[in-house]
Amino acid sequence: MTIFYGFDGRTYANITNKCPCDCVFCIRKGGDSIVGNDPLWLEHEPTSDEIKQAFDKLDAGSIEEVVFCGYGEPMERAAVLLDTAKYIKSKGDISIRVNTNGLVRLIDPSFDISTLKGAVDSVSISLNAPDSKSYCEITRPSFGEKAFDEMLKFAADVKSLGIKTGFTVVDMGGMAEMIEKCRALSQSMGIPLRVRQYVTDNENYR
Ligand code: SF4
């Protein structure tokens, strides 16, 4: 089973296939893996020890950044993510990034956001849309309309911890006006926005 995989010169950690969303652009709809890697559907959710053992098989000295991304929402397993992120950081000068939908406090209301500090260097949050209605149409969160405001609050709280924070939006075409509104919202929060390419064929990404 593939816990770590490489793409575009980076090392990605795949620690869960769980996710409370069903994004219309989800890369998981485009195949079982990404550009030549083995399937990213996990046989089971790996334990912290399994993740650490898988990391130990890599050449830590050649890794600058590990991105917790998954074929799922990595913060579904926040405790495991934090434990393994700290382990990875103990193995070298390695940055940790988390790509997340920002809904961890709806997944687990007891999650303490301050625990990210020291374990995670940057967080990329899927903004996806400039308002709750279009967010729900694109992201289709199981939590319903409250998810949009929670995602924004998560982003603001991560930023206030001094962790590098960014937003993303996926350009599926015909979205110029929506992307401009996303940009305005991002700017109002002092958080940079990255417009991502819409990928429909994972094996021929680029
Ligand atoms: S949050 Fe990520 S893993 Fe979940 S459905 Fe959306 S794109 Fe897919």
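Each reported figure results from applying straightforward, stated rules to the coordinates on display, with no laboratory input. These numbers come from a predicted model, not from an experiment. Here the Cβ is made from the backbone with ideal geometry for all residues, glycine too, and neighbour counts use every protein chain on show.
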| field | Sequence-distant residues sharing a close amide H with Phe4 (under 5 Å, placed H) | value | Asn14
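From the mean inverse distance of alpha carbon pairs (Kirkwood) and the Cα radius of gyration, derive Rg over Rh for the chain. Don't skip to the end; give the middle numbers.
Details: Rg = 16.3 Å, Rh = 17.4 Å.
My calculation of the ratio gives 0.94.
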| If you plug each phi of segment 14-24 into the Karplus form 6.51 cos²θ - 1.76 cosθ + 1.60 with θ = phi - 60°, what whole-Hz ³J(HN,Hα) values come out, in order, with x for Gly and Pro? | 10, 10, 7, 10, 6, 6, x, 10, 9, 4, 5
| said: Can you list residues from other chains, or at least 5 along the same chain, whose modelled amide H is less than 5 Å from the amide H of Thr11? | reply: Glu65, Val67
| Total Lys pairs in segment 91-206 closer than 20 Å by alpha-carbon, pairs eight or more apart in sequence or interchain only? | 10
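Tell me, Tyr198, Tyr87, Tyr135, Tyr12 in order of fewest to most beta-carbon neighbours within 10 Å? Could you put the intermediate results ahead of the total?
Numbers: Tyr198 13, Tyr87 16, Tyr135 21, Tyr12 24.
By the 10 Å Cβ count, ascending, the order reads Tyr198, Tyr87, Tyr135, Tyr12.
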| task | Would you please give the residues with an amide H less than 5 Å from that of Leu193, counting only those at least 5 places away or on a separate chain, with H modeled from the backbone geometry? | result | Phe167
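Between exposed GluC sites (Glu not before Pro) in the chain, where DSSP calls loop and at most 16 other Cβ atoms lie within 10 Å, what's the longest gap?
Details: sites that count: Glu43, Glu64, Glu145.
In short, 65-144.
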| said: Just to confirm my understanding: which cysteines in the chain have no other cysteine beta carbon less than 4.7 Å from their beta carbon? | reply: Cys19, Cys21, Cys69, Cys136, Cys182
| In order through segment 53-61: 3J(HN,Hα) via Karplus (6.51 cos²θ - 1.76 cosθ + 1.60), integer Hz, x for Gly, Pro | 5, 5, 5, 5, 7, 8, 8, 4, x
| remark: Along segment 69-82, Karplus-curve 3J(HN,Hα) (6.51, -1.76, 1.60; θ = phi - 60°) to the nearest Hz, with x for Gly and Pro, reads 9, x, 10, x, 9, x, 6, 4, 10, 4, 5, 5, 4, 5
| Roughly what angle does helix 146-160 make with the longest principal axis of the chain, taking Cα atoms, 0 to 90 degrees, to the nearest 10? | 60
